[in-house]
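Following: one structure in structure tokens, then a few remarks.
Rule-based calculations on the coordinates, nothing more; no lab input. None of the values given here were measured: they were computed from a predicted structure. Every residue, glycine among them, receives a Cβ derived from its backbone with ideal geometry; neighbour counts consider all protein chains shown.
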Amino acid sequence: MIKVLIFNEFVHEQTEEKVKAVYPEGIHIALKKALECDDIVIKTATVENCAEVITDEEIAQTDVCIWWGHMAHHKVPDEVADRVVKAVHEGMGIIFLHSSHFSKPFKKLMGTPCALTWRENDDRELVWVCDPSHPITQGIGRFIKLDMEETYGEPFSIPEPDKLLFIGHYEGGEVFRAGCCFKRGNGNIFYFQPGHESYPTYYNKDVIRVIKNAIYWANPIYRNPITCPHVKKPLEDEE
Ligand code: ZN
């Protein structure tokens, strides 16, 4: 059983009618309903309760975290962000969605500004598969077609990804590195761009397929704190 924790700040859905109409229960509940299955069990946290929910105990029980944030990044306490980053270094997997490119844990893990260009004008996006042999792209054709998405464009100031899996192309002309794999410490990280709050992106079966594939990919097979031990004796002395 893979234990997944979805963090969604859950602000737009309560303050904007347009967003509430798309995700009446919140993005976290839409994702939970779409992703939960026989071998994936999901808990959720929001910006209101994350200090109480995302504890050391809870994070130790979490195999893969999913993060969605936008307007309330600054309201996530630093100690919560640090707890998440430490868990990734130890081996917890994490999937950052859409505007979480500016979240505290993503920026701490990347160590770069993580900025991009953006525009909201209902552009159609084609999310092109770069590597059809990767576990995360299984079951997807040549591309995912999204009738409307927020336009994200390069330059995206992230470190060079270990693996670029998707390139988004928008009808306005922009391209964007829409699916990127990273490794930090023992933990697997996947950034996936689709998912603006006012569009029904998380009801798209291909988008859900990618996120589900990423859960299996990021699920840790090794999890341990990274230490810096003093090895006093050379190997020969022990034999
Ligand atoms: Zn957005």
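For the reader, a short list of remarks on this structure follows.
- Taking the listed residues TYR191, TYR152, the one that is under 30 Å from ASN224 (Cα atoms) and touching a Lys or Arg at 6+ places or on another chain (Cβ under 9 Å) is TYR191, with no other qualifying.
- Here ASP63 meets the list (1) more than 16 Å from the ligand (Cβ to nearest atom); (2) among the charged types (D, E, K, R); (3) over 16 Å from the mean Cα position of the chain (by Cα) almost entirely, failing just condition (3).
- Hey, ALA214 within 16 Å of the ligand (Cβ to nearest atom) and either crowded, with 22+ Cβ neighbours inside 10 Å or of a type outside the set (Ser, Thr, Tyr) (or both) or not: no
- Filter result for ILE167 (more than 16 Å from the ligand (Cβ to nearest atom), under 27 Å from ILE29 (Cβ atoms) and aliphatic (A, V, I, L, M)): no
- Considering only residues in the range 162-174 that are in contact (Cβ under 8 Å) with a residue 24 or more places away in the chain and assigned to a loop (DSSP other than H, G, I, E, B), the one that is surrounded by the most Cβ atoms within 10 Å (Cβ to Cβ) turns out to be GLU174.
- Scanning the range 146-162 for residues that are among the aliphatic types (A, V, I, L, M) and under 21 Å from ASN188 (Cβ atoms) yields a count of 1.
- Pairs, first part of a helix (DSSP H, G or I) in the range 108-122, second more than 14 Å from the ligand (Cβ to nearest atom), C-beta under 7 Å, six or more apart: LYS108/ALA81; LYS108/VAL85; LEU109/VAL85; LEU109/VAL88; LEU109/ARG184; LEU109/ILE189; MET110/ILE158; MET110/PRO159
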